[in-house]
Every structure is written in structure tokens, then in C-alpha cells.
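Data block below; observations after.
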Amino acid sequence: MKIKTAADYKRIKNSVVTIGTFDGVHVGHQKIINRLVHIAETNKLQALVLTFFPHPRMVVQKDSSIKLINTIDEKAAQLQQLGVDHLVLKEFTKTFSRLSALEYVRDVLVNKLKVKHIIVGYDHHFGRNRTATIEDLIEFGKFYGFEVTQIDAQEVGDVAVSSTKIRAALREGNMRVANDFLGYNFMLTGTVVKGKGLGANLSFPTANIFIEEPYKLIPKQGVYLVQSKIENQLVYGMMNIGKNPTVSQDNKTHIEVHFFNLDANLYTKTLKIELLEHLRSEIKFPNIEALKVQLEKDKALAQQRIDLLLKI
């Protein structure tokens with residue numbers, strides 16, 4: 001699915017639209033997207049997601065600290081799997097944030113996206129200072145000739161799902177909660193780059209992952225059980241996110257993956273790595289031998305978890 005920008009608006013005809021940042025494309029978002037696709041198929045419309053970048057909080061609140069669950073490409077891939085025809089990326093600027101509700105509906109939704117039906121969540125607000133509500137949207141629909149469908153909150157374990165709660169779970173290394181709320185495994189997507197060869201010296205060769213997008217949320221430091229599809233083969237391994245305090249003094253955060261039972265040259269390849277479980281926090285060991293002993297323990301624990309997964 002091509003990610004569309006303002007230049008592609010003219011190619012869009014008669015759409016059913018849902019609007020939002022959709023960070024994570026979590027189970028609550030998926031309920032909206034499933035309704036979107038169903039209505040599009042039933043009424044022979046194009047299923048379109050309008051999303052914003054940068055995140056509105058980065059612009060309106062000047063919150064540069066916010067990190068996002070998905071990169072734009074990851075979000076596009078998730079939406080495509082759900083059956084969305086178009087992802088339209090609207091640059092979120094101060095000027096755009098000052099549009100009145102009328103200007104936004106008329107100029108963007110009606111004139112550019114050719115909207116015939118809008119689907120939004122139960123708490124949707126829009127327009128300058130986000131003062132317009134779904135009731136206002138319904139009134140606009142009566143005037144401009146589009147329908148509005150409201151989706152109720154999706155609940156998981158009696159806790160309302162939100163991107164904010166998923167980000168909090170990731171920062172705590174709580175992959176069970178994060179992945180349950182997402183409805184799929186959280187992933188890091190990056191390119192394998194040349195490292196210092198420290199893992200090989202420990203008999204644990206690693207792929208060093210470089211993530212290009214500075215806004216991507218990196219979970220809590222530590223060792224994780226992970227999986228990745230490499231050359232159409234599902235491969236398990238363990239990932240370390242951290243500063244390698246036992247063997248490195250550069251104070252930079254590194255992301256390294258040791259794959260089990262894999263003999264392949266991964267340099268320059270782009271990998272999508274799914275995080276399954278946080279096994280332990282990062283520790284500074286007194287010496288290299290102590291680190292090696294712990295890595296063997298980590299591998300044994302990871303293998304136990306893998307055996308359990310394969311039995312399910």
C-alpha cells in the first residue's frame with residue numbers, strides 16, 4: 001500500500017474515512033478499521049485512513065519527548081493487513097491545528113478526500129483546540145452529505161486500551177500487556193550494521209540493529225526473547241537493549257540480537273524483530289567470564305520459553 005500525501009488527493013474518489021494518529025494500530029483501533037473496511041466493501045467505497053505526522057503533541061504541546069509505537073512504514077503494513085486501501089499522511093503543523101472545524105471538514109474531508117462516510121471512536125474531537133465533537137460531525141454530515149458511525153471503547157481485561165497505556169507497558173518491559181493490547185507482537189524494524197564484534201568474542205555473535213526513525217519507542221533496557229522471519233524461516237533469539245556496561249564505555253544504547261540455530265550473513269538486511277518477553281534487566285558484571293555464564297543462563301531460559309510457545 002502506497003502512503004499518500006497531499007499530492008495524491010486527486011486520485012481519491014468516494015471514500016469511507018477514519019481519522020486519527022492510530023499509534024500502534026492496537027485492538028481498539030482494529031475495531032474501527034474492521035468497520036471501515038466492512039462499510040467500504042458493502043458500499044463499494046475506498047477504505048481510507050487519514051493520519052497525522054508529526055504526532056500532534058509534538059506540535060501543539062511542543063512535546064518532543066513522545067516516542068511512537070509504530071514507524072510510519074510499520075503502521076502502513078498493519079493497516080494494509082487489515083484491508084485498508086489508502087493511508088493518507090497529513091503533515092500536522094501549527095497552521096493545520098488552527099483550522100476551524102468547518103474548514104477542516106469542508107476543505108480536507110469533503111473537497112479533498114471525497115468522503116461519503118466517516119467512522120470515529122467514541123471520544124473523537126477535532127478542529128481548532130479540539131473543541132468540536134461527534135455531534136458536530138453528525139451535523140456537518142447532514143449538510144455535506146456524509147454518514148457518521150461512532151465506535152464504542154474496546155476493552156481488554158476491563159481496562160480501556162490506549163496507545164498511552166501500551167507505551168507505558170513497553171517502558172516497563174511488560175510485553176504481555178503491550179502485545180495483548182496491540183493484538184500482535186510489538187516490533188523493532190531496523191538494518192543490520194557492523195558492530196564491534198563483542199558478541200562473537202563471547203561466543204554469542206549478534207546482529208547489531210540500527211533504527212533510522214528517532215521517534216520510534218525503544219522499550220525498557222534488558223534482555224528479551226524475540227522472533228523474526230528471515231528468508232521465510234521463523235527464527236527465535238534473544239535481544240539485548242542497553243549500553244553493554246561490562247564491555248563498552250561509550251554510554252550509547254545498542255540493540256543486538258543473537259539468533260538461535262541460524263547461520264546467515266545478515267549485514268545490510270532489514271529485519272523486523274518481534275519482542276515476546278522481557279527476560280531480565282541489564283546488569284554490569286565484574287568480568288567477562290561472569291557475563292558469559294549469565295548469557296548461557298539467558299539462552300537456557302529463552303529456550304524454555306520457546307519450548308512452551310511451540311507446545312501451545
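The values are calculated or read from the model by the stated rules, or taken from the named source; none is laboratory data. As the structure is a prediction and not an experimental result, all values here were calculated from the model. Neighbour counts are summed over all protein chains in view; Cβ atoms, including those assigned to glycine, are modelled from backbone coordinates with ideal geometry.
Taking the options Lys216, Lys196, name whichever one is under 26 Å from Ala302 (Cα atoms) and at pLDDT below 95.
After ruling out the rest, the residue left standing is Lys196.
Select the helices (runs of 4 or more DSSP H) contained entirely in the stretch 27-143, then report the ones holding at least 1 residues which are of a type outside the set (Gly, Ala, Ser), touching a Leu at 6+ places or on another chain (Cβ under 9 Å) and at pLDDT 95 or above.
So the answer is 27-43, 72-81.
Let me confirm something: among Lys90, Lys67, which residue is surrounded by 14 or more Cβ atoms within 10 Å (Cβ to Cβ), in the same structural domain as Ile32 (by TED's automatic domain parsing) and within 15 Å of the chain's Cα centre (by Cα)?
Lys67
Determine which single condition Ile69 fails, assuming it passes every other condition in (1) under 20 Å from Lys165 (Cβ atoms); (2) of a type outside the set (Gly, Ala, Ser); (3) out of contact with any Asp or Glu (no Cβ under 7 Å at 6 or more places or on another chain).
Result: Ile69 fails condition (3) only.
With respect to the numbered conditions (1) crowded, with 18+ Cβ neighbours inside 10 Å; (2) within 15 Å of the chain's Cα centre (by Cα), which one is the sole condition not fulfilled by Leu45?
Checking Leu45 against (1) crowded, with 18+ Cβ neighbours inside 10 Å; (2) within 15 Å of the chain's Cα centre (by Cα), the one that fails is (2).
Failed condition for Ala300, given (1) without any contact (Cβ under 8 Å) to a residue 40 or more places away in the chain; (2) buried (at least 17 other Cβ atoms within 10 Å of the Cβ), with all others met?
The failed condition is (2).
With the requirement that a residue be of a type outside the set (D, E, K, R) and either at pLDDT 90 or above or under 17 Å from Lys299 (Cβ atoms) (or both), what does the stretch 268-288 give you? Working first, answer last.
Narrowing the stretch 268-288 to residues of a type outside the set (D, E, K, R): 268, 270-271, 273, 275-276, 278-279, 281, 283, 285-288.
Once the filter is applied, which keeps residues that are of a type outside the set (D, E, K, R) and either at pLDDT 90 or above or under 17 Å from Lys299 (Cβ atoms) (or both), the stretch 268-288 yields Thr268, Thr270, Leu271, Ile273, Leu275, Leu276, His278, Leu279, Ser281, Ile283, Phe285, Ile288.
Strands (runs of 3 or more DSSP E) wholly in the stretch 199-312 with at least 3 residues that are touching a Phe, Trp or Tyr at 6+ places or on another chain (Cβ under 9 Å) - which ones?
Numbers: elements: 207-210, 222-230, 233-242, 254-259, 270-280.
In the stretch 199-312, 222-230, 233-242, 254-259, 270-280 are the strands (runs of 3 or more DSSP E) which contain 3 or more residues that are touching a Phe, Trp or Tyr at 6+ places or on another chain (Cβ under 9 Å).
For the stretch 144-164, how many residues are modelled with pLDDT of 95 or more and assigned to a helix (DSSP H, G or I)?
So the count comes out to 1.
Looking at the stretch 236-254, can you tell me whether even one residue there is surrounded by fewer than 13 Cβ atoms within 10 Å (Cβ to Cβ) and either touching a residue at least 40 places away in the same chain (Cβ under 8 Å) or touching a Cys at 6+ places or on another chain (Cβ under 7 Å) (or both)?
no
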